Amino acid sequence: MRSCFIICFCFTFLLRRVISGTRFRGLTELASSPPRGWNSYDSFCWTVSEEEFLQNAELVSRRLHAHGYEYVVVDYLWYRRKVKGAYVDSLGFDVIDEWGRMIPDPERWPSSRGGKGFTEVAKKVHDMGLKFGIHVMRGISTQAFNANTPILDITTGSAYKESRREWRAKDVGIKERACAWMKNGFMSVDTKSGAGKAFLRSLYKQYADWGVDFVKNDCVFGDDLDLAEISYVSEVLTQLNRPILYSLSPGSSASPAMARDVNGLVNMYRVTGDDWDSWKDVSTHFDVARDFAAANMIGAKGLRGKSWPDLDMLPFGWLTDPGSNEGPHRKCNLNLDEQRTQITLWSMAKSPLMFGGDMRRLDEITFKLITNPTLLEINSFSTNNAEFPYITSSLSRHTWTSLSRNQMSKGITDFHALGLTSCKDDNARGWLARTVDDDLEQVCWKEKLSELQVPFCLYKKHHLLESDEELTYNHLYDGKVRLFATERTEFCLGASPHKKLTSKEFKRGSFSPCRREANQMWELNSNGTLTNSYSGLCASINRVKGDTSCTLSLI
């Protein structure tokens with residue numbers, strides 16, 4: 001999710017340079033190394049119009065296509081009306097069809113009228129020699145859920161029927177699994193039901209009919225992981241009559257262990273929160289790039305080819321502010337040395353390169369930076385890239401910590417770090433239940449990290465249904481508990497952000513007032529894993545060395 005144009009470069013086998021337009025993001029065919037030409041351009045603001053998008057696409061074709069930029073991608077909220085009261089998490093301003101699917105706002109995208117969707121825009125982009133992509137959200141929209149629209153069965157062209165009844169949006173939408181940073185926007189669908197699968201099939205068949213070449217699926221990875229949707233969408237994409245590259249976002253708290261669950265299903269996946277034009281944002285990417293390179297995830301097996309960790313866009317040139325609907329427009333805040341450092345890191349990490357500025361205001365310095373032939377060669381053809389082994393970096397991950405008074409008094413700097421990882425990771429298997437008294441239980445990590453440390457324990461309470469509406473989702477929370485830091489607190493442990501944040505603002509998790517939300521529901525499994533109901537990720541405890549002055553509070 002971002003409010004700016006983006007152009008991307010990718011690798012010569014799997015990806016090509018991409019240019020993003022509302023954000024556009026241009027990509028090309030699959031290959032075995034980030035394909036040259038997989039770079040892309042992403043649009044400078046989510047309220048971008050058809051005219052603005054095509055103006056930028058024309059400039060990409062004329063100025064950047066020869067350097068390998070091939071995809072232009074319309075960023076999120078292309079379906080939202082540009083009227084007073086419409087913003088990122090507003091409700092009731094989206095344009096949907098009779099089957100509850102998002103369609104372009106006809107005021108900003110006039111060629112979409114008459115049920116054409118993006119067909120005309122995609123054709124014009126293809127005529128420019130480029131490929132066309134769009135940003136889409138998880139599952140089904142809240143607007144469609146509230147309207148209880150019927151679900152299209154693409155095999156019959158009519159409403160989906162099963163067990164002698166017609167299925168609708170409220171039968172498949174999981175309200176308790178709303179997108180954490182766009183709660184009024186979208187929610188997961190039940191992929192275990194035939195109707196839920198039918199809805200996703202109808203979405204991606206529509207995108208293929210429009211002529212889409214690239215799909216960025218948001219709010220399904222990192223803390224927002226929805227492995228069921230990713231798996232089924234990947235299956236659907238293999239059955240379509242045209243190849244569509246599959247990208248995941250956002251990526252906050254993504255780890256190599258998590259990536260191994262999805263890399264074979266997709267072509268690229270974000271491994272950070274949103275990157276904007278501040279050095280603090282950029283600097284967080286060094287350790288992330290190192291970890292994914294060390295885990296051999298760069299160019300690992302992917303959908304119809306290979307897959308690539310995505311470090312997010314290059315916020316150079318003429319931009320808008322994060323979260324801005326339209327402006328103010330301004331120059332990139334990074335100085336030239338910082339911009340050079342960023343694109344060099346992205347190239348060495350073989351990340352898809354996505355330029356995030358307005359092509360109509362592209363200055364010569366930025367143009368030379370994003371078309372530097374040496375960097376593009378490194379991005380496409382270098383191999384076995386890794387961090388230089390004799391330089392160490394400071395710990396940058398946010399952690400939950402626990403120290404005993406005895407440990408602090410003795411200056412011990414080892415501490416518990418609680419994070420999220422794939423439930424297949426052996427490091428996640430270490431949780432057990434412990435009875436405190438007749439009415440109170442704890443969930444504890446089974447090992448002390450040192451003799452001086454207290455065990456890492458959380459108090460648990462079973463989820464109680466609080467309304468008739470929740471009875472519909474009772475099966476989702478069977479055996480699930482809430483976790484508290486202390487016996488008498490009303491604050492629960494959550495495992496995903498409540499709104500979309502840039503990487504410099506993001507915190508991995510926190511205790512917050514208890515709500516009826518899936519991200520505060522946990523399940524202790526017989527194999528010793530502790531699973532979060534929202535993301536499906538598991539909590540793990542690691543031993544970390546650090547300064548005690550930085551480890552005394554929960555963040």
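Observations on the structure shown:
- Output for segment 359-377, where each listed residue is touching a Gly at 6+ places or on another chain (Cβ under 8 Å) and of a type in the set (Ser, Thr, Tyr): Thr366
- Single residue of segment 475-524 satisfying the filter (under 30 Å from Ser283 (Cα atoms) and part of a strand (DSSP E or B)) that is modelled with the lowest pLDDT: Thr502
- Qualifying residue in segment 396-404 (condition: open to solvent by less than 90 Å² (accessible area, probe 1.4 Å), outside any loop (DSSP other than H, G, I, E, B) and at pLDDT 90 or above): no
- Residue pairs whose Cβ atoms lie under 7 Å apart, separated by 6 or more positions or on different chains, with the first residue in segment 413-433 and on the phi < 0 side of the Ramachandran plot and at pLDDT 75 or above and the second open to solvent by 60 Å² or more (accessible area, probe 1.4 Å) and part of a helix (DSSP H, G or I), are Thr421/Asn427; Ser422/Arg260.
- Residue pairs meeting the criteria (Cβ under 9 Å; at least 6 apart or on separate chains; first over 13 Å from Asp358 (Cβ atoms) and without any contact (Cβ under 8 Å) to a residue 60 or more places away in the chain, in segment 46-59; second outside any helix (DSSP H, G or I) and open to solvent by less than 30 Å² (accessible area, probe 1.4 Å)): Glu51/Arg108
- Among the residues of segment 249-277, just one is more than 23 Å from Ala180 (Cα to Cα) and out of contact with any Ser or Thr (no Cβ under 8 Å at 6 or more places or on another chain), namely Asp277.
- Beta carbons closer than 8 Å, at least 6 apart along the sequence or on distinct chains, never pair a first residue in segment 64-89 that is farther than 20 Å from Ile134 by Cβ and of a type in the set (Phe, Trp, Tyr) with a second that is in a loop (DSSP other than H, G, I, E, B) and open to solvent by less than 10 Å² (accessible area, probe 1.4 Å).
- Against the test of being modelled with pLDDT under 95 and open to solvent by 40 Å² or more (accessible area, probe 1.4 Å), the options Val88, Val74, Val83 yield a single qualifying residue, Val83.
- Selected residue (criterion: surrounded by the most Cβ atoms within 10 Å (Cβ to Cβ)) from residues of segment 112-124 that are touching a residue at least 40 places away in the same chain (Cβ under 8 Å) and within 17 Å of Asn56 (Cα to Cα): Val121
- When Ala144, Ala122 are screened for being assigned to a helix (DSSP H, G or I) and more than 25 Å from Glu70 (Cβ to Cβ), only Ala144 passes.
- Tally, over segment 280-295, of residues that are open to solvent by 10 Å² or more (accessible area, probe 1.4 Å) and either of a type in the set (Asp, Glu) or at positive phi (or both): 2
- Among the conditions (1) under 18 Å from the mean Cα position of the chain (by Cα); (2) surrounded by 24 or more Cβ atoms within 10 Å (Cβ to Cβ), Gly264 misses just one, which is (2).
- Checking the stated criteria, Asp277 turns out not to satisfy the condition of being in a helix (DSSP H, G or I) and either on the phi < 0 side of the Ramachandran plot or not polar (S, T, N, Q) (or both).
- Residue within segment 296-308 that is open to solvent by 10 Å² or more (accessible area, probe 1.4 Å), out of contact with any Ser or Thr (no Cβ under 8 Å at 6 or more places or on another chain), under 30 Å from Leu237 (Cα atoms) and among the hydrophobic types (A, V, I, L, M, F, W, C) present: yes
- Residue selected from segment 349-395 under the condition of a type in the set (A, V, I, L, M, F, W, C), open to solvent by 40 Å² or more (accessible area, probe 1.4 Å) and at pLDDT 80 or above, by the criterion farthest from Tyr71 (Cα to Cα): Ala386
- Of the strands (runs of 3 or more DSSP E) lying entirely inside segment 286-359, those containing at least 2 residues that are without any contact (Cβ under 8 Å) to a residue 24 or more places away in the chain and more than 19 Å from the chain's Cα centre (by Cα) span 329-331.
- Residues of segment 360-388 that are polar (S, T, N, Q) and part of a loop (DSSP other than H, G, I, E, B): Thr371, Asn372, Ser382, Thr383, Asn384, Asn385.
- Which listed residue is surrounded by fewer than 21 Cβ atoms within 10 Å (Cβ to Cβ) and without any contact (Cβ under 8 Å) to a residue 40 or more places away in the chain, from Asp105, Asp97: Asp97
- Which listed residue is farther than 21 Å from Ala122 by Cβ, among the small types (Gly, Ala, Ser) and modelled with pLDDT under 95, from Ala195, Ala169, Ala180: Ala180
- Test: residue in segment 39-59 that is within 18 Å of the chain's Cα centre (by Cα), at pLDDT below 50 and of a type in the set (D, E, K, R): no
The values are calculated or read from the model by the stated rules, or taken from the named source; none is laboratory data. Note that the structure is a prediction, hence the values are computed from the model and not measured. Methodologically, a virtual Cβ is constructed for each residue, glycine included, from the backbone with ideal geometry; neighbour enumeration extends over all protein chains shown. In case anyone asks, the SASA skips ligands and DNA or RNA and just uses the protein heavy atoms, side chains included. Shrake-Rupley method; radii C 1.70, N 1.55, O 1.52, S 1.80 Å.
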